[in-house]
Amino acid sequence: MLVLTTTSCTNYLNINTDPDTPSNSTASVQTRLPWMQHYYLYAQGVANVRTALITQENTSLGTRRATRDGYLAGWRGDNSTSTTVYQWLFIGCLANFNDMIAKCEEVGAYQYEGATYAIKAMAFMLMQELYGEMPYTEALGSAVTPKYDNGKVIFNGCISDIDKAIELLNKPQASTVPALSAGDSWNGGDVNKWIAMCYGLKARWLNNLSKKSGTYDTATILDCLSKAPTSNAVSTVIKHQDLATDNVGDILFGDPMYANVNYCSIGMNKNTRPTSWYAGMLTNFDNKGIEDPRADKLLPWRQGGDKIWRRSSGADQQSPRRMSNYPYPTTYNDRTNSAVTLTASDGTVLTVAPGSWYCNTTDKTCWGDTIYNSFYSSALNQGDLSEDWTSTDGSILASGTMFTRPTSPTFLVTYPEMCFIKAEIYFNKGDKGTAYAAYKDGIQASIDLMNSSLAAYNKTDAQNPSKSQISSAKVDAFMNGAIGTQDDLTLGKIMEQKFIAMSMTSQNWADMRRYDYNTTAYPNWAIPYEYYQDNLAQKTINMGSQYRRWSQPGTLETSYNEVEWKASNKYAAADNIWQYPCWFDCATDAQYNEQMNTPVQ
């Protein structure tokens with residue numbers, strides 16, 4: 001696929017090859033790497049947004065309950081969830097792996113080879129966390145119907161690959177090979193950042209084994225943390241662009257290639273809202289009544305005709321109203337229009353003045369749903385004038401959020417995450433002093449990292465509360481009054497603060513599963529109300545069970561690789577496959593083996 005889409009003018013080793021149409025064997029390492037990075041990131045972005053619905057960070061419009069995102073938010077397993085991540089990782093990213101490795105070894109491009117092994121490990125670890133079992137050892141070979149491997153084999157293989165990546169990244173390249181910076185769109189060719197990123201990934205993945213008393217090795221995790229990002233400056237933070245010319249798109253969906261990965265999955269639509277649980281963490285952490293200084297950046301804003309900024313409230317996932325149309329879509333009545341009149345079924349009349357938001361429905365119980373804003377963002381690549389959605393009267397109708405605009409950064413592996421892993425480990429060891437220091441450092445680092453990214457916006461955006469920098473006064477008030485002390489530190493505080501710092505990432509779902517959605521780790525969290533009213537949801541996730549995995553992609557695996565798919569798990573074709581934990585999510589191999597046709601060793 002890369003061969004069909006690449007239009008590079010790089011000088012190739014074979015001067016008789018047309019550089020605009022490289023073949024499988026001649027495509028250069030610096031040309032392949034950014035494409036692998038792009039397709040991995042897109043898959044990760046899809047996983048981020050879809051799992052954020054499962055964790056109840058976000059919800060969909062009530063009018064869209066019978067859609068993929070509505071099913072995710074309501075805890076109903078549906079095969080429409082499963083395909084996109086799989087497509088992007090195999091078709092766009094991993095299809096390049098073997099040829100890339102061969103070329104790297106041929107020319108001595110060891111740093112490129114190390115980066116490639118890191119991406120492979122990231123891709124398969126992501127799929128292992130989503131699907132449980134899948135083709136791995138035969139996945140990138142010539143087998144038309146590759147066998148499935150269990151989660152333990154995949155997990156250990158990914159750890160081996162990340163170790164190999166570290167080894168290769170430490171190895172000097174041949175003098176004739178272009179510098180890693182020529183093809184690296186993540187770390188700008190900074191090998192030290194790559195190595196820190198790999199150790200951070202290894203720490204993250206090994207910490208995900210916290211249920212496994214015989215396997216969970218905190219000493220190794222802490223050693224990895226000492227070599228992972230130890231400051232924001234060493235974090236892997238990917239910058240994105242909104243370019244008017246970035247409208248040709250990739251080979252699968254035609255989406256922009258320079259934009260933030262979450263933007264393509266959530267920022268492009270107007271159907272998603274924050275939940276009251278997530279908004280509550282940001283506005284009243286630990287019931288202290290002190291607002292998190294990041295709240296303005298993570299909850300969406302908009303204006304009316306009066307140009308006053310209004311921040312979104314959180315939609316209640318525990319409300320019976322979710323069974324109807326709550327929250328309802330909103331419409332802006334531009335100041336250049338006439339007043340709009342709505343009449344409810346009981347005869348109640350609502351007059352909507354020009355310059356006002358309204359819900360265009362006769363159900364008056366939804367007329368107040370204008371307090372919920374979407375994550376939508378405009379984009380130059382979509383033909384708009386800016387990434388702020390602006391009405392003809394000049395009002396900004398949506399401005400996106402920290403992680404959902406085209407120009408938003410991707411926090412891939414960061415110092416704040418490492419702090420929270422350390423805090424969790426030491427808290428569970430009973431060392432509250434070390435845990436609290438790491439917890440506090442993680443919060444401060446998260447705020448600082450967001451602030452440094454916000455600095456990239458123009459001074460003309462300074463009045464936009466979603467884009468302006470965080471004030472030191474708000475930071476001080478929060479750090480001194482809301483986060484608590486060493487003595488009152490709890491696991492819930494650590495995991496909630498990690499959740500906020502890791503907003504819009506699939507790691508939050510991995511964390512929730514390994515803590516079994518326990519309110520000790522996630523205070524006030526609850527399964528959505530509508531799940532208990534939906535017989536079909538309870539068929540996919542039986543009452544008393546929890547959302548643990550995705551089904552295998554329909555058609556891609558269930559049709560073309562049916563025999564191996566059905567052999568991979570006793571419940572592979574069962575309606576309730578969604579409730580069976582992946583290997584990392586099982587306390588023991590014996591627990592995992594209960595669902596396996598072939599027991600793991």
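Details
- Euclidean distance of C-alpha centroids, segment 442-462 and segment 511-526, integer Å: 29 Å
- The chain, helix-only ellipticity at 222 nm - DSSP H runs n ≥ 4, -39,500 (n - 2.57), divided by all residues, nearest 500: -11000 deg cm²/dmol
- Each principal axis of segment 315-383 carries a Cα extent, and these read 43, 34, 15 Å when sorted largest first.
- In Hz, Karplus ³J(HN,Hα) per residue of segment 100-111 (6.51, -1.76, 1.60; θ = phi - 60°; x = Gly, Pro): 5, 4, 4, 5, 4, 5, 5, 9, x, 8, 5, 5
- For segment 369-380, Karplus couplings with θ = phi - 60° (6.51, -1.76, 1.60), whole Hz, Gly/Pro x: 6, 5, 7, 9, 9, 8, 8, 4, 9, 6, 7, 4
- Nearest-ten-degree value, helix 151-169 long axis tilted from longest Cα axis of the chain: 70 degrees
- Over segment 187-325, the Kirkwood radius and the radius of gyration, each from Cα atoms, give a ratio Rg/Rh of 1.06.
- Cut-off under 5 Å, modelled amide H: who pairs with ASN576 long-range: none
- Within the chain, DSSP assigns beta bridges of which about 95% are antiparallel (rounded to the nearest 5).
- Each Lys and Arg adds +1 at its Cβ and each Asp and Glu adds -1 at its Cβ; summed about the Cα centre, the chain shows a dipole of about 860 debye.
- Hull shadow area, averaged, segment 147-202 [alpha-carbon convex hull, nm²]: 5.1 nm²
- Taking packing as the residue-averaged number of other Cβ atoms within 10 angstrom, the listed peptides 54-63, 178-187, 216-225, 438-447 run from highest to lowest as 54-63, 438-447, 178-187, 216-225.
- Note on ASP431 and ASN458: with the Förster distance fixed at 41 Å, the Cβ-Cβ geometry gives a FRET efficiency of about 0.35.
- Taking a sphere under 13 Å around the Cβ of SER185 and counting the other residues whose Cβ falls inside, with K and R at +1 and D and E at -1, yields a net charge of +1.
- Each residue of segment 532-545 is assigned a 3J(HN,Hα), and the resulting list reads 6, 9, 10, 5, 6, 5, 6, 6, 8, 10, 4, 3, x, 9 Hz, derived from the Karplus form 6.51 cos²θ - 1.76 cosθ + 1.60 (θ = phi - 60°), x at Gly and Pro.
- Put the Cα centre of segment 556-599 next to the Cα centre of segment 129-181 and the gap is 22 Å.
- Where GluC sites (Glu not before Pro) fall in DSSP loop in segment 60-142, at most 16 other Cβ within 10 Å: GLU138
- Residues in segment 563-601 reached by a label modelled at LYS147 [backbone nitrogen below 17 Å; 7 Å Cα→Cβ]: 563-570, 596-601
- The gain in end-to-end length when the THR230 to THR362 segment is fully stretched comes to 42.0 nm, 0.36 nm per residue minus the alpha carbon separation.
- Ranked VAL177, VAL413, criterion: other C-beta atoms within 10 Å, fewest first: VAL177, VAL413
- Counting 0.36 nm for each residue step from MET543 to GLU291 and taking away their Cα separation leaves a gain of 87.1 nm.
- Segment 174-230, relative contact order [Cα under 8 Å, separation at least 6], %: 32 percent
- Working from the Cα coordinates of segment 34-86, the gyration tensor eigenvalues give, after taking √(5λ), semi-axes of 23, 11, 8 Å in decreasing order.
- The shape of the chain can be summarised by an equivalent ellipsoid whose semi-axes, obtained from the alpha carbon gyration tensor, come to 37, 29, 26 Å from longest to shortest.
- Residues ASP306 and SER338, FRET efficiency given R0 of 22 Å [Cβ-Cβ distance, rounded to 0.05]: 0.80
- Label-to-label distance, nm, for residues given as ILE159 and ASN576 (7 Å Cα→Cβ offset): 3.2 nm
- Each part reduced to its alpha carbon centroid, segment 42-115 and segment 259-283 end up 17 Å apart.
- Convex hull volume per residue for segment 277-408, taking Cα atoms only, in Å³: 132 Å³
- Under the simplified labelling scheme, the GLU562-GLN382 pair shows an inter-label distance of 4.0 nm, with each label point 7 Å from Cα along Cα→Cβ.
- Close amide H partners of ALA315, meaning residues 5 or more places away or on another chain with modelled amide H under 5 Å apart, are THR275, SER276.
- Sites matching GluC sites (Glu not before Pro) across segment 513-601 that sit in DSSP coil, with at most 16 neighbouring C-beta atoms within 10 Å: GLU594
- Ordering of 229-237, 117-125, 451-459 by packing [mean C-beta count within 10 Å, highest first]: 117-125, 229-237, 451-459
- Scanning residues 5 or more positions from SER356 or on other chains, those with amide H under 5 Å from its amide H are GLY305, ASN333, with H placed 1.01 Å from N in the peptide plane.
- Axis angle, to the nearest 10 degrees, between helix 491-501 and the longest C-alpha principal axis of the chain: 90 degrees.
- Ranking PRO146, MET127, TRP389 by Cα position along the charge dipole of the chain, where only Lys, Arg, Asp and Glu carry charges on their C-beta atoms, puts TRP389 farthest toward the positive end.
- Normalised by the number of residues in the chain, the average gap of Cα pairs under 8 Å and 6 or more apart makes the relative contact order 18 percent.
- Cα-derived Rg to Rh of segment 334-464, Kirkwood definition: 1.18
- log10 of Debye I(q)/I(0), alpha-carbon scatterers only, for segment 410-554 at 0.15, 0.17, 0.18 Å⁻¹: -0.89, -1.02, -1.08
- Only beta bridges with both residues in segment 237-360 are counted; by DSSP, about 90 percent of them are antiparallel.
- 15 Å cut-off, amide nitrogen to a point 7 angstrom out along LYS270 Cα→Cβ, residues in segment 64-98: 64
Just so you know, all these numbers are worked out from the coordinates, no wet-lab data involved. These numbers come from a predicted model, not from an experiment. For neighbour counting, all protein chains shown are included, and Cβ atoms are generated from backbone atoms with ideal geometry for every residue, glycine included.
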